[in-house]
1. By its C-alpha gyration tensor, with a ≥ b ≥ c as the square roots of the eigenvalues, how is region 1-160 shaped: rounded for a/c under 1.5, else prolate for a/b larger than b/c, else oblate?
2. Find, among the chymotrypsin sites (Phe, Trp or Tyr not before Pro) in region 166-220, those assigned to loop by DSSP (not H, G, I, E, B) with at most 16 other beta-carbon atoms within 10 angstrom.
3. Quickly work out the E71-to-R210 label distance, labels modelled 7 Å from Cα along the C-beta direction, and quote it in nm with one decimal.
4. Test of understanding: ordering E32, E163 by Cβ neighbours within 10 Å, fewest first, what list do you get?
5. At R0 = 30 Å, how high is the FRET efficiency between E23 and M1 if r is their beta carbon distance? Nearest 0.05 is fine.
6. So what is the 222 nm mean residue ellipticity for the chain from helices alone, if each DSSP H run of at least 4 adds -39500 (n - 2.57) and you divide by all residues, rounding to the nearest 500 deg cm²/dmol?
7. Which whole-angstrom value gives the distance between the alpha carbon centres of region 184-220 and region 64-98?
8. Using the crude model of +1 on Lys and Arg Cβ and -1 on Asp and Glu Cβ, and no other charge, please compute the dipole size for region 2-219 relative to its Cα centre, in debye to 20.
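Nothing in this text is a laboratory measurement; each read-out follows from the coordinates by a stated rule. Keep in mind it's a predicted model, so treat the numbers as computed, not measured. With ideal geometry, Cβ positions are generated from the backbone for all residues, glycine too; neighbour counts draw on all protein chains shown.
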Amino acid sequence: MIEFTRPDEQKAPAYLAEPARSEGAPGVVMLEEWWGVNAEIKQTADRLASEGFRVLIPDLFRGRVAATGDEANHLMQGLDFTDAATQDTRGAVQYLKKGSSKVGVTGFCMGGALTFLAAMYVPEVDAAVAWYGLPPPEAGDPSRIRIPIMGHWAARDEFFTIEVVDALEQKLKAGSVPYEFHRYDAKHAFANPKGLGNFDRVAAETAWQRTVDFFNRTLR
């Protein structure tokens, strides 16, 4: 765990995972699911670091971790999403930019929604990958995004329905956003083996490799 400085000069905690060769390596800010910065998301950061990326997870819940869906929902409802995107996430991007020429953002579920906010409102972000999460329409206009963005979606998602994803895609098309969407015959949180019980190994591994390839193309 380290501390970084947000744009408003406040300090924030984060988990940092460094690759074997960190000097000059591209960076990725990873945004947590509603469970918080638990062992699972740290392992995911470590895995991405093993691919040659410097990975930083800002601890949006400030050390709190949920064990049940009700606890997680309570933590998420108490989160200021604007602050999380424009202060925590932006500060984390700026921290990585000190040692990386390019920095991407990725996130899962709640973190996926924040990934879209970062793509819209954090000017230092160079690329983004959202996993089964998007913000509500009132959060802003996604057609303003100008960086490459990838989305991984579950066709049988009960939280972020595929119809909502289709509508989002039309907005990105209208704005000529450089996007790439992938849909999987799976349920929400299909990449988390310890989350909601919807883990789909094939979909998870396919989405993971697509993410690594995307960041290799856009950040190196």
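1. Because its axes are fairly even, with a/c under 1.5, region 1-160 counts as rounded.
2. On the way: sites: Y179, F181, Y184, F190, F199, W208, F214, F215; in loops: F190, F199.
Those that pass, being in a loop and sparsely packed, are F199.
3. Calculated label separation equals 3.3 nm.
4. Numbers: E32 29, E163 8.
Going from least to most buried by this count: E163, E32.
5. Working: r = 22 Å, r/R0 = 0.72.
Efficiency computed from Cβ-Cβ geometry: 0.90.
6. -10000 deg cm²/dmol
7. After rounding, the separation between the Cα centres reads 21 Å.
8. Values: 23 positive and 30 negative charges, 114 e Å.
Rounded to the nearest 20 debye, it is 540 debye.
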